[in-house]
Amino acid sequence: MIFVITGTSGCGKTSLVRLVLGNLKDVQFAVSHTTREMRSSEEEGRDYYFVSDSEFKQIIKEEKFVEWATVHGNYYGTSRREIEKKGALGDLLLDIDVQGAHQVKSRIKKAVFIFILPPSFQELQRRIKGRGQDDAGSIQTRLDVACKEIRAYPGFDYIIINDQLDKAAKELESIIISTRCKLESCKKEIAAVIRSFSEDE
Ligand code: 5GP
């Protein structure tokens, strides 16, 4: 199953996704393409595929993205190849923005949409300032965008309020596990059990 995890900048979704990837088996991360500069803590192919503007535009032209968007002045997109390759290995987590989530919704029928909310605007402001990643202008842009993006939450299947990271991770893990137990998700396993009943007659 594809799990689309969306939330405003600074809501903690990247830390949340990392924690869940470490805690749960058979969960993959869909690595996005981006034109933004690599941060010192990041690694090519693990956090993002870092590409130039022209490379990104070429991928758009070739229609190789499932979704893409401009976020805070940079391009971000999820390739079809990444979804096919990683999705074949198990559950797949997409950490994407609201615009991307809307595109996935219109293109992929079977996906679970999860919106991560910060506990309050004040806390979001504190977190974005505290991570020291952005200059004053960029902080203001992220906060302005957050105020608009937050209105999208009613279109999502699940909401997680990320007050405490561990609690939020447990909630995300519970959503993934409960989706695995749905009739639709485990038809093969059920069929094997049912077959075993008739084999013994
Ligand atoms: P950051 O630059 O802080 O890693 O990410 C900025 C924003 O871009 C985050 O909200 C993140 O979820 C979003 N993002 C990351 N990858 C993708 C993607 O492939 N598609 C879209 N639409 N948004 C993405």
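The values are calculated or read from the model by the stated rules, or taken from the named source; none is laboratory data. Here the structure is a predicted model, which means the values were calculated and not measured. Positions of Cβ are backbone-derived with ideal geometry, glycine not excepted, and every protein chain shown enters the neighbour counts. Heads up: the accessible areas ignore ligands, DNA and RNA and are worked out on the full protein's heavy atoms, side chains in. Shrake-Rupley method; radii C 1.70, N 1.55, O 1.52, S 1.80 Å.
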Does GLU67 meet the test of being near the ligand (Cβ under 10 Å from one of its atoms), touching a Ser or Thr at 6+ places or on another chain (Cβ under 7 Å) and of a type in the set (D, E, K, R)? yes
Could you check how many residues of the range 51-78 are open to solvent by 40 Å² or more (accessible area, probe 1.4 Å) and not acidic (Asp, Glu)? 13
Among residues belonging to the range 165-183 that are more than 14 Å from VAL20 (Cα to Cα) and assigned to a helix (DSSP H, G or I), point out the one that is farthest from the chain's Cα centre (by Cα). LEU183
Any idea which of (1) in contact with a strand residue (DSSP E or B) (Cβ under 7 Å, 6 or more places away or on another chain); (2) part of a loop (DSSP other than H, G, I, E, B) is the one LYS109 doesn't satisfy? (1)
When the range 38-56 is examined, which residues are found to be aromatic (Phe, Trp, Tyr) and either within 9 Å of the ligand (Cβ to nearest atom) or assigned to a loop (DSSP other than H, G, I, E, B) (or both)? TYR48
Return the pair list, or none, for Cβ contacts closer than 8 Å from residues in the range 13-37 that are away from the ligand (no atom under 12 Å from the Cβ) to residues that are among the basic types (Lys, Arg), at least 6 apart or on different chains. GLN28/LYS86
Please indicate, with yes or no, whether at least one residue in the range 154-161 is outside any strand (DSSP E or B), more than 14 Å from the ligand (Cβ to nearest atom), among the acidic types (Asp, Glu) and out of contact with any Lys or Arg (no Cβ under 6 Å at 6 or more places or on another chain). yes
Residue list for the range 120-132, restricted to those being open to solvent by 80 Å² or more (accessible area, probe 1.4 Å) and not in a helix (DSSP H, G or I): ARG131
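Would you call LYS109 open to solvent by 20 Å² or more (accessible area, probe 1.4 Å), more than 26 Å from LEU24 (Cα to Cα) and at pLDDT below 95?
Numbers: open to solvent by 20 Å² or more (accessible area, probe 1.4 Å): yes; more than 26 Å from LEU24 (Cα to Cα): no; at pLDDT below 95: yes.
So LYS109 fails the test.
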Name the pairs whose Cβ atoms lie under 6 Å apart, with the first residue in the range 113-141 and under 19 Å from ILE160 (Cβ atoms), the second open to solvent by less than 50 Å² (accessible area, probe 1.4 Å) and among the β-branched types (Val, Ile, Thr), and 6 or more positions between them or separate chains? PHE113/VAL4; ILE114/ILE5; PHE115/THR6; ILE116/ILE160; ILE128/ILE139
Of the residues in the range 81-97, those that are under 20 Å from TYR49 (Cα atoms) and either within 12 Å of the ligand (Cβ to nearest atom) or part of a strand (DSSP E or B) (or both) number 8
